[in-house]
Amino acid sequence: MTGIFKHPISEPIRLDRHNLAGDGQADLVHHGGIDKAVCAYPSEHWLYWRGILPPHRLAGGAFGENFTLEGLTEADVCIGDVFSVGSAVLQISQPRQPCWKLARRWEIKDLAVQVERTGFTGWYFRVIQEGTVEPGAPLQLMERHCPKWTIATANRIMHHERNNRTAAEHLSLCPLLSASWQQTLRQRCRNQAVPDPQPRQFGNTHA
């Protein structure tokens, strides 16, 4: 079971604390919850993925995201950024950590690894104010609390500087970072074993 297969909508839709109306997550241990209510992905990355994925299938929701964005990438947004969209208010909580279900969606076993390596992950929003959103609505930045913690920087620390415990400690102290990322980074700071990402990345990718 998975909720990664998304379909575009054309009408306004309700957004509550946990997800968009009609959306859902099958694995509630690793997906969903307050800190992962909305997944966003930049359409700018499609240019790169066209060399790897079938171009005609690159459309809104292609990476299992709820919001396909234009004009914002991981380098442009920060942990804790608050945006208004429609009548809702959202706050960025963490980068997305791609799992094997993305690989299953495209039937490419190492796709989650490729996404992690490129840093083209997208990110999650928590919902500060419930409301109604619709296709084409602009995201307007309202507040920026942590300008040094871009999504790109957080990705680099989590995935590419796994032995840099100083950076991990500093990022873990960001109060607006999701609880799960704070916990993972603090475990790393305490010299505890860093979980092997392979089970998350290389699950059952066959029908």
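So here's what we get for this one:
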{"quantity": "Number of positions in the stretch 168-207 that are assigned to a helix (DSSP H, G or I) and modelled with pLDDT of 90 or more", "calculated": "16"}
{"quantity": "Considering residues of the stretch 62-75 that are of a type outside the set (A, V, I, L, M) and under 14 Å from the mean Cα position of the chain (by Cα) only, the residue most open to solvent (accessible area, probe 1.4 Å)", "calculated": "T68"}
{"quantity": "Among the residues listed as T153, T121, the single one being part of a loop (DSSP other than H, G, I, E, B) and under 29 Å from W100 (Cα atoms)", "calculated": "T121"}
{"quantity": "Candidates A75, A103, filtered to the one that is modelled with pLDDT under 95, touching a helix residue (DSSP H, G or I) at 6+ places or on another chain (Cβ under 9 Å) and at negative phi", "calculated": "A103"}
{"quantity": "When residues of the stretch 76-95 are limited to those that are open to solvent by 20 Å² or more (accessible area, probe 1.4 Å) and not in a strand (DSSP E or B), the one nearest to E134 (Cα to Cα)", "calculated": "G86"}
{"quantity": "Scan of the stretch 156-167 for residues that are part of a helix (DSSP H, G or I) and within 27 Å of F63 (Cα to Cα), ordered by number", "calculated": "R156, I157, M158, H159, H160"}
{"quantity": "From the options A103, A137, residue that is surrounded by fewer than 18 Cβ atoms within 10 Å (Cβ to Cβ) and either part of a helix (DSSP H, G or I) or small (G, A, S) (or both)", "calculated": "A137"}
{"quantity": "The stretch 50-61, subset free of Cβ contacts under 8 Å to residues at least 24 places away in the same chain and open to solvent by less than 70 Å² (accessible area, probe 1.4 Å), residue farthest from R126 (Cα to Cα)", "calculated": "P54"}
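The values are calculated or read from the model by the stated rules, or taken from the named source; none is laboratory data. Quantities reported herein were computed from a predicted structural model and do not represent experimental measurements. Methodologically, a virtual Cβ is constructed for each residue, glycine included, from the backbone with ideal geometry; neighbour enumeration extends over all protein chains shown. Surface accessibility is based on the protein's heavy atoms, side chains included, excluding ligands, DNA and RNA. Shrake-Rupley method; radii C 1.70, N 1.55, O 1.52, S 1.80 Å.
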